[in-house]
């Protein structure tokens, strides 16, 4: 479990993290989202003891990271996959970590097999592709068989097969009762992987909720319908709080009404329906809407 309490970090006059309080619980994949400059990386660095908070605190499994006598057995982290001695082989890199942390040597081959690097385990890391480097970083995070995982952009550089693999891996680890905390900019992947979200902007907490509740909070009453008598139904749906648009003949997009309300009007008017579908925002649309005021480096801003 990861617990942040009033976590704050200043760099001179820059307030990078502002009074963040949240809990990452075991048993679910928790996504950590925010625009560029939102304070995600700084927060992760404080979790891992790489930066000291200006005020507040963050603990992993009840202790500050530096207080754990065997940290790799408590929390595995992927912060920068390429931060590896390029002259070492993948196996020797993991072996050095294992020996220095009292982890059995057999665990090295276990994680190499787990991440699919058996064929290149003896090759120097300097020749690895970006995706292979990511797999090695994930292997290092899993080396101590930790109860908590903190992964920053774990799918970076992975091909579609690799993305599916890491998605299933993270879900499986969470189902084992582990705490899985994943930072990513890929909204489509987070929608498929995460169950819970912590969203920050300008260093402040914007949302701490389930994925479904986050999307629902940004969704408006909107319905898509298809009917051979769409024109007649459109007239019946007209109202001061209702917007009806049509992208093609027979198809209507209705905002301001629920599907049930549209269905009742169609029944009253005896208009046949071929489709009646509530329209929900995607995770990306919800994220863009709810973080719009927290974007620090937006494309709409002009250089001064």
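Would a scan of segment 170-179 turn up a residue that is in the same structural domain as residue 44 (by TED's automatic domain parsing) and under 11 Å from the mean Cα position of the chain (by Cα)?
So the first thing to find is which residues in segment 170-179 are in the same structural domain as residue 44 (by TED's automatic domain parsing), and the list is 170-179.
Narrowing the set further to residues that are under 11 Å from the mean Cα position of the chain (by Cα) leaves none.
Within segment 170-179, none of the residues are in the same structural domain as residue 44 (by TED's automatic domain parsing) and under 11 Å from the mean Cα position of the chain (by Cα).
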Fill in: Among the residues listed as 50, 20, the single one being in contact with a helix residue (DSSP H, G or I) (Cβ under 9 Å, 6 or more places away or on another chain) and outside any loop (DSSP other than H, G, I, E, B)
20
Worksheet item: Can you tell me which of 56, 37, 31 is within 21 Å of residue 190 (Cα to Cα), in contact (Cβ under 8 Å) with a residue 24 or more places away in the chain and part of a strand (DSSP E or B)?
Response: 31
Worksheet entry | Residue that is within 29 Å of the chain's Cα centre (by Cα) and touching a residue at least 60 places away in the same chain (Cβ under 8 Å), where the choices are 144, 137 | 144
Discussion item. Among the residues of segment 60-72, are any in a strand (DSSP E or B), buried (at least 22 other Cβ atoms within 10 Å of the Cβ) and assigned by TED's automatic domain parsing to the domain that holds residue 146?
Written reply: yes
Discussion item. Filter segment 120-134 down to the residues that are over 14 Å from residue 162 (Cβ atoms) and not in a helix (DSSP H, G or I) and list them by number.
Written reply: 121, 122, 123, 124
Worksheet item: Within segment 224-235, is even one residue touching a helix residue (DSSP H, G or I) at 6+ places or on another chain (Cβ under 7 Å), at pLDDT below 90, crowded, with 18+ Cβ neighbours inside 10 Å and part of a helix (DSSP H, G or I)?
Response: no
Discussion item. Being in contact (Cβ under 8 Å) with a residue 24 or more places away in the chain and under 30 Å from residue 286 (Cα atoms) is true for just one of 79, 94, 117. Which residue is that?
Written reply: 79
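Take segment 107-119 and flag every residue that is in a helix (DSSP H, G or I) and touching a helix residue (DSSP H, G or I) at 6+ places or on another chain (Cβ under 9 Å).
Matches in segment 107-119: 107, 108, 109, 110, 111, 112, 114, 115, 118.
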Discussion item. For segment 256-290: of the residues being more than 29 Å from the chain's Cα centre (by Cα) and assigned to a strand (DSSP E or B), which is surrounded by the most Cβ atoms within 10 Å (Cβ to Cβ)?
Written reply: 276
Worksheet, complete the sentence: Condition set assigned to a strand (DSSP E or B) and more than 34 Å from the chain's Cα centre (by Cα), scope segment 245-255, selection nearest to residue 270 (Cα to Cα): answer is 251
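One line per residue, one yes/no per condition, for (1) surrounded by 18 or more Cβ atoms within 10 Å (Cβ to Cβ); (2) within 21 Å of the chain's Cα centre (by Cα); (3) modelled with pLDDT under 95:
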site	(1), (2), (3)
14	no, no, yes
17	yes, yes, no
27	no, yes, no
33	yes, yes, yes
37	no, yes, yes
43	yes, yes, no
47	yes, yes, no
56	no, no, no
Fill in: Selection from segment 192-209 of residues that are surrounded by fewer than 20 Cβ atoms within 10 Å (Cβ to Cβ), within 14 Å of the chain's Cα centre (by Cα) and not in a strand (DSSP E or B)
192, 195
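The values are calculated or read from the model by the stated rules, or taken from the named source; none is laboratory data. Quick caveat: nothing in here was measured; it's all calculated off a predicted structure. Glycine also receives a Cβ, built like all others from the backbone with ideal geometry; neighbour counts cover every protein chain displayed.
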